[in-house]
Amino acid sequence: EEICLGNLYIGGCSIDTHLSNAENDAAAYDFRYNIDGTWNNEPNFKMGDAIASQDWDFVSLQQASADSGMESTYSNVQKLADYVAEKLPSDAHAQLVWNMTWAYQGDSTHSAFPNYNNDQMTMYQKIVQTVQNKICPNDSFSKVIPCGTAIQNARTSFVGDTLTRDGYHLTTDLGRYIAGLTLIRTLTGLSVKDVSFAPANVNEDYRNVA
């Protein structure tokens, strides 16, 4: 019942940029946190300070969406994982987890989509393959949050390929809801069927898909 959420935010930030910020102790983040049901934001925050601020249960890392299916961009994952472990409180019991991102919408105009032949399934398969090859064998990570698979599965339903608001960011209602339920299920093991909350315009049919 006592839940603390934290998000170190830089839009579209890659693993390499995160590592550079870590090594330079750069105050480069918006630290968005929620300890009482209300989101707060502190700008110009350092990654290490945020990691050390709580006895976190989980610390989640992810790759920038543009690079998420490119194995060559994952060379610094271990260095970043080691930095997180170093900055955690000395008695921390946190698990490091990986958030798997999703493929772009089929008609996306994102500048990185040509790297995947402007094809959603090509991008999805490359993301899956990269996570399987670069993250799953890494003992630093205890879980993969399969948001990319959850979104791809939902696209096979009557919802179709409508889960982003701009071709790559998830819609603020159903898209984020699916990702949120995936995160809850993966981290807690709780059944998402027992989740009573849904965004106001997500009706029962959409909830069932989610």
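The values are calculated or read from the model by the stated rules, or taken from the named source; none is laboratory data. None of these values were measured; they are calculated from a predicted model. Note that we place each Cβ from the backbone using ideal geometry, even for glycine, and neighbour counts take in every protein chain shown. Surface areas here come from the heavy atoms of the whole protein model, side chains and all, with no ligands, DNA or RNA. Shrake-Rupley method; radii C 1.70, N 1.55, O 1.52, S 1.80 Å.
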Out of all the residues in the stretch 1-27, which are assigned to a loop (DSSP other than H, G, I, E, B), under 15 Å from PHE45 (Cα atoms) and over 19 Å from the mean Cα position of the chain (by Cα)?
-> ASN24, ASP25, ALA26, ALA27
The residue that is least open to solvent (accessible area, probe 1.4 Å), considering only those in the stretch 141-161 that are in a loop (DSSP other than H, G, I, E, B) and touching a residue at least 40 places away in the same chain (Cβ under 8 Å), is VAL159
Would you check if there is a residue in the stretch 101-123 being assigned to a strand (DSSP E or B), in contact (Cβ under 8 Å) with a residue 40 or more places away in the chain and in contact with a Lys or Arg (Cβ under 7 Å, 6 or more places away or on another chain)?
-> no
Taking the condition open to solvent by 40 Å² or more (accessible area, probe 1.4 Å) and hydroxyl-bearing (Ser, Thr, Tyr), does SER60 pass?
-> yes
Give the residues of the stretch 100-111 that are open to solvent by 20 Å² or more (accessible area, probe 1.4 Å) and more than 16 Å from ASP161 (Cα to Cα), sorted by residue number.
-> SER111
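Per-residue answers, yes or no, for (1) aliphatic (A, V, I, L, M); (2) out of contact with any Phe, Trp or Tyr (no Cβ under 7 Å at 6 or more places or on another chain); (3) under 25 Å from THR188 (Cβ atoms):
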{"position": "ALA27", "(1), (2), (3)": "yes, no, no"}
{"position": "THR38", "(1), (2), (3)": "no, yes, yes"}
{"position": "ASP49", "(1), (2), (3)": "no, yes, no"}
{"position": "ALA52", "(1), (2), (3)": "yes, yes, yes"}
{"position": "PHE58", "(1), (2), (3)": "no, yes, yes"}
{"position": "MET70", "(1), (2), (3)": "yes, yes, no"}
{"position": "VAL84", "(1), (2), (3)": "yes, yes, yes"}
{"position": "ASP91", "(1), (2), (3)": "no, yes, yes"}
Only one of ALA27, ALA50, ALA92 is modelled with pLDDT of 95 or more, over 26 Å from THR149 (Cα atoms) and open to solvent by 30 Å² or more (accessible area, probe 1.4 Å), namely ALA27
Residue, nearest to LEU187 (Cα to Cα), within the stretch 113-133, restricted to residues that are within 18 Å of the chain's Cα centre (by Cα) and surrounded by 15 or more Cβ atoms within 10 Å (Cβ to Cβ) = VAL131
Test for TYR168: is it in contact (Cβ under 8 Å) with a residue 24 or more places away in the chain, out of contact with any Gly (no Cβ under 7 Å at 6 or more places or on another chain) and open to solvent by 20 Å² or more (accessible area, probe 1.4 Å) = yes
Among the residues of the stretch 171-210, how many are of a type in the set (Val, Ile, Thr), closer than 19 Å to VAL97 by Cβ and open to solvent by 50 Å² or more (accessible area, probe 1.4 Å)?
-> 2
Scan of the stretch 163-174 for residues that are hydroxyl-bearing (Ser, Thr, Tyr), under 18 Å from ALA198 (Cα atoms) and part of a loop (DSSP other than H, G, I, E, B), ordered by number = THR171, THR172
Failed item, numbered, when ASN40 is tested on (1) closer than 23 Å to ILE151 by Cα; (2) part of a strand (DSSP E or B) = (1)
